[in-house]
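Below is one structure, written out as C-alpha cells; the observations come after it.
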Amino acid sequence: MVIIAARTGINPKALYDLERDCLRQHELDEDLFYCTWDKPRAGRAQRQLHRVDRRTQMGVVELIRFVRLFTEPLACAAQPPNSAKLFLFSGRSLNPKSGLISPGVSLAFHLHFYKFAERHRLPRFTLANIRPTAATQLYLETGGNLRRVQQFLQYANMRTTVKYLLNTITEPFNARSIQKAQERMIERVTVIPKKRSAGVQRLDLPKPQARKIVAGRFDTGCGTCRNPYDSPQPGEEKGRACTSFHACFECPNGLWFLEDLPQVIAIRDRLVSLRCDMRPEDWETVYGESLRIIEEHIIAAFRPDQVRAAELKAKGQQQWPIIVAKGVLI
C-alpha cells in the first residue's frame, strides 16, 4: 500500500477505496494500463497511465496485481461493498465476514500502521504524508517541472500544485534555480559606460546597424536595442518591430550607454516610489527583478561621477511616462 501510494500520489481516501478492477488496459499498447479511481471532490474519475515493469516487477501494475491476488481469499469471503475493494484485512469481529474490512473504515488499521513503522525503524508517518512527499521527489527529479507534478497529482489548478511544493526540502533547490536564472540574465546585460559613438565600436555590429544606434534610432525609452526588428523575445517576429517593451532589462538585445543613464535612474526612482502604493509581494513580482538589474548591473557599471551627473539630469525626467517590467505602463 505504501509503495503504491508513493508511485501514484493517490490521497489516502482514494487509496482505501481502490477497487479490484482499477486496472484498465490501454487501447493500443498492451504494456500500458490505466489505474483508475473515484475522486468525489473533483466530480470525475481520475486515472494515471503506468507501464508494465518487466525488469523489477515493482511497478504499479505489478503491485496492484500482487495485492489483488493476495487478498483474493478475503474478497471472496467479504460482504459488499468491501468485497469490491483492493485493500482488505481481517479485523476483530465475532462474525468472520463482517470482520473483513477496508482499511479506511478501521481505527485498528491506523494503529497497526504506526506499529509497522516502529517495527521497521521508520520515522513516524501517515499515508497522508506520502502524497506531498512523492510530489516533492518528482519535482526534484524532473528539475522543477511543475507540469509533470501537476499531472501526477491530477490537479486542474497549478496554484494547488505549488502549495504541495512549498517546503523546506524544495527551498534550497528553488534558491539555486533562481540564482542560476539571475546569473543567466546578468550575462545578457550589456553595459558600456561610454557615449554611444565610442561605445558602439566595442560591438561587432554591421556599420548600418551601428549608425542607427548612434543616431538614437533604436532607443527603447529605458536603454538602447541592438536591433528591435530582430528580437529574441518569445512571440516576436523577425522583421517586425519588437513589442515586448517590458523585457528590455532581461533581453540579450539590451544595450546601455552613457546617454541612457539618466532615464535608467529616473526609472529606478519611479519603481522605488511605487512600493508604498502596492502590496510588497505584488511589487516584488512585477518590479523586483528589474530594479535589481538596474541597480546592481547597469548603474553599478558607471563611474561615480557619471552617476552623479546622470542623477541631476534624471530629476527632469521623472514625470516622463516609462514602460518597464511585466508590460505595465506607468
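Each row is one residue, and each column tells you yes or no for (1) surrounded by 15 or more Cβ atoms within 10 Å (Cβ to Cβ); (2) outside the structural domain of residue 117 (by TED's automatic domain parsing); (3) in contact with a strand residue (DSSP E or B) (Cβ under 7 Å, 6 or more places away or on another chain).
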| position | (1), (2), (3) |
| --- | --- |
| 13 | yes, no, no |
| 33 | yes, no, yes |
| 49 | no, no, yes |
| 65 | yes, no, no |
| 80 | no, no, no |
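Considering 87, 109, the condition of being under 30 Å from residue 165 (Cα atoms), surrounded by 16 or more Cβ atoms within 10 Å (Cβ to Cβ) and modelled with pLDDT of 90 or more is satisfied by 87 alone.
Among the residues of segment 205-255, what is the count of those that are among the hydroxyl-bearing types (Ser, Thr, Tyr) and touching a Ser or Thr at 6+ places or on another chain (Cβ under 8 Å)?
Final tally of qualifying residues: 2.
Anything in segment 35-80 that is under 15 Å from residue 20 (Cβ atoms) and assigned to a strand (DSSP E or B)? List them, or say none. Residues satisfying the conditions are 35, 36, 37, 38. Selection within segment 212-240: residues that are among the hydroxyl-bearing types (Ser, Thr, Tyr) and closer than 22 Å to residue 298 by Cβ. The member of this set that is nearest to the chain's Cα centre (by Cα) is 231.
For segment 281-324, taking the residues that are in contact with a Cys (Cβ under 9 Å, 6 or more places away or on another chain) and in a loop (DSSP other than H, G, I, E, B), the one that is modelled with the lowest pLDDT is identified as 324. Residue 141 meets all of the listed conditions (1) at pLDDT below 90; (2) exposed (fewer than 13 other Cβ atoms within 10 Å of the Cβ); (3) not assigned by TED's automatic domain parsing to the domain that holds residue 21 but one, namely (1).
Checked against (1) out of contact with any Phe, Trp or Tyr (no Cβ under 6 Å at 6 or more places or on another chain); (2) surrounded by 14 or more Cβ atoms within 10 Å (Cβ to Cβ); (3) within 25 Å of residue 3 (Cβ to Cβ); (4) not assigned by TED's automatic domain parsing to the domain that holds residue 39, residue 194 passes all but condition (3).
The values are calculated or read from the model by the stated rules, or taken from the named source; none is laboratory data. What you see is a predicted model, and the numbers here were worked out from it, not measured in a lab. No Cβ is skipped: glycine too gets one built from the backbone with ideal geometry, and neighbour counts run over all protein chains shown.
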